[in-house]
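The values are calculated or read from the model by the stated rules, or taken from the named source; none is laboratory data. Small disclaimer: the values here were computed from a predicted structure and weren't measured. Here Cβ is always computed from backbone atoms with ideal geometry, including for glycine, and neighbour counts include all displayed protein chains. For accessibility, only protein heavy atoms count, side chains too; no ligands or nucleic acids. Shrake-Rupley method; radii C 1.70, N 1.55, O 1.52, S 1.80 Å.
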Amino acid sequence: MSTDLTAGAALTPDDLSGPRPDAPAPALAAGRAARRRSPSLIVGAVLVGLVALVGVVATFWTPYALDATGSGPRLAGPSAEHWAGTDRLGRDLLSQLMGGAQAAMVVAVASVLVATVLGLTLGILAAATTRWLDVALVNVVDLLIAFPTLLLAMLIVTVRGASLTSAIAAIGIAGSAVIARVTRVNTARVLREDYVTAAKASGTGWWGTIRRHVLPNISPTLLVQVMLLAGSAILAEASLSYLGLGAPPPQASWGRLLREAQATMLVQPWGAILPGLAVVATVLGLNLLGDGLRERNDPNLRGDR
């Protein structure tokens with residue numbers, strides 16, 4: 001009788017007992033590895049990190065002062081003295097780009113903070129309070145969502161005056177509607193869970209339920225929305241500045257650089273190309289970062305089912 005066993009080979013206890021129960025399934029291990037090396041998360045983090053680093057550096061140092069007109073020849077190309085060239089006023093473009101990165105990061109962080117505080121408050125109140133208040137808050141949120149964000153920002157900036165603070169307030173109020181809707185839906189889902197009912201029965205108060213159960217469970221989804229909202233905030237600030245409703249000089253802005261470079265694109269194309277690339281790279285980085293976070297937190301996307 002023939003045998004398939006190679007001569008001299010011996011069976012081990014592991015061979016007889018089959019696969020170890022604690023060994024991860026191949027699909028689970030592959031899903032975890034894919035999450036660790038998510039291209040969207042890595043590329044997004046690198047892009048956002050570079051822009052944030054430039055913005056922090058610009059807070060303390062730029063090659064030339066932002067209001068230093070005539071620091072070089074007008075509409076000059078890149079050189080050893082001016083790495084990105086100069087604009088029509090002789091200002092150093094690299095310094096202006098660094099100042100624009102600082103303004104973009106300030107607007108993104110501050111407006112997202114405003115939107116998150118307002119949206120969380122409205123969303124949790126709508127999901128956890130009485131029916132009539134829920135309906136009233138939902139109608140307010142729907143009205144904000146239906147109103148174009150840029151138009152609402154333009155109205156607020158027109159009333160308050162053009163400044164970085166006005167842009168932050170306008171973008172934050174407009175963005176709070178999206179945060180409120182996401183918060184309301186996820187909070188209502190969490191409050192229906194059995195462990196929340198058990199916590200309430202054991203004497204946990206309203207604030208304790210929100211702090212211990214609601215916020216930790218909605219934070220992954222909320223974090224993705226925050227990243228997307230930050231990208232929209234930077235794009236909205238650039239749009240306002242392009243229309244002349246952003247922060248006035250000497251505060252730099254990528255949108256204003258684009259507007260000022262329109263008339264001289266054929267003479268000095270870098271004045272329009274570089275701020276345009278800065279806006280695209282920053283918004284793309286935040287969107288990729290949000291997609292990467294969604295891949296890590298969504299079981300339907302991360303491949304570990």
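Key figures for this structure:
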{"read-out": "Checking Gly208 against (1) in contact with a Gly (Cβ under 8 Å, 6 or more places away or on another chain); (2) within 29 Å of Arg296 (Cβ to Cβ); (3) small (Gly, Ala, Ser), the condition it does not meet", "value": "(1)"}
{"read-out": "In region 30-64, the residues that are of a type in the set (Gly, Ala, Ser), farther than 22 Å from Gly290 by Cβ and at pLDDT 85 or above", "value": "Ala58"}
{"read-out": "Test: residue in region 99-115 that is open to solvent by less than 50 Å² (accessible area, probe 1.4 Å) and more than 20 Å from Leu240 (Cβ to Cβ)", "value": "no"}
{"read-out": "Every residue from region 199-231 that is of a type in the set (A, V, I, L, M), touching a residue at least 60 places away in the same chain (Cβ under 8 Å) and open to solvent by less than 60 Å² (accessible area, probe 1.4 Å)", "value": "Ile210, Val214, Leu222, Val224, Val226, Met227, Leu228, Leu229, Ala230"}
{"read-out": "Unique residue being modelled with pLDDT of 80 or more and open to solvent by 30 Å² or more (accessible area, probe 1.4 Å) when the list is Ser79, Ser95", "value": "Ser79"}
{"read-out": "Given (1) within 29 Å of Arg294 (Cβ to Cβ); (2) surrounded by fewer than 22 Cβ atoms within 10 Å (Cβ to Cβ), number of the condition Arg184 does not satisfy", "value": "(2)"}
{"read-out": "Conditions (1) of a type in the set (D, E, K, R); (2) under 21 Å from Ala252 (Cβ atoms); (3) touching a residue at least 12 places away in the same chain (Cβ under 8 Å): number failed by Arg160", "value": "(3)"}
{"read-out": "Pairs with Cβ under 8 Å, 6+ apart, first in region 96-107 and over 14 Å from Gly231 (Cα atoms), second of a type in the set (Ser, Thr, Tyr) and open to solvent by 10 Å² or more (accessible area, probe 1.4 Å)", "value": "Met98/Thr62; Gly99/Thr62; Gln102/Thr59"}
{"read-out": "Cβ pairs under 6 Å, 6+ apart, first in region 122-141 and of a type in the set (Gly, Ala, Ser) and at pLDDT 80 or above, second open to solvent by 60 Å² or more (accessible area, probe 1.4 Å) and in a helix (DSSP H, G or I)", "value": "Gly123/Arg184; Ala126/Arg184; Ala127/Arg184"}
{"read-out": "Flag if Gln262 is at pLDDT below 85, more than 22 Å from the chain's Cα centre (by Cα) and at negative phi", "value": "no"}
{"read-out": "Hits in region 234-251 - residues which are over 18 Å from Leu66 (Cβ atoms) and among the polar types (S, T, N, Q)", "value": "Ser239"}
{"read-out": "Hits in region 129-155 - residues which are more than 10 Å from Ala174 (Cα to Cα) and open to solvent by less than 50 Å² (accessible area, probe 1.4 Å)", "value": "Leu133, Asp134, Ala136, Leu137, Val138"}
{"read-out": "Residue check, Ile124 in a helix (DSSP H, G or I) and either over 21 Å from Ala238 (Cα atoms) or of a type in the set (Phe, Trp, Tyr) (or both)", "value": "yes"}
{"read-out": "Test: Val196 is open to solvent by less than 30 Å² (accessible area, probe 1.4 Å), assigned to a helix (DSSP H, G or I) and within 30 Å of Thr62 (Cβ to Cβ)", "value": "no"}
{"read-out": "Criterion (under 19 Å from Ile171 (Cβ atoms), modelled with pLDDT under 90, in a helix (DSSP H, G or I) and open to solvent by less than 10 Å² (accessible area, probe 1.4 Å)) met by exactly one of Gly271, Gly285, Gly255, Gly290", "value": "Gly290"}
{"read-out": "Top-ranked residue in region 46-56 [being buried (at least 16 other Cβ atoms within 10 Å of the Cβ) and under 14 Å from the mean Cα position of the chain (by Cα); ranked as farthest from Ala101 (Cα to Cα)]", "value": "Leu47"}
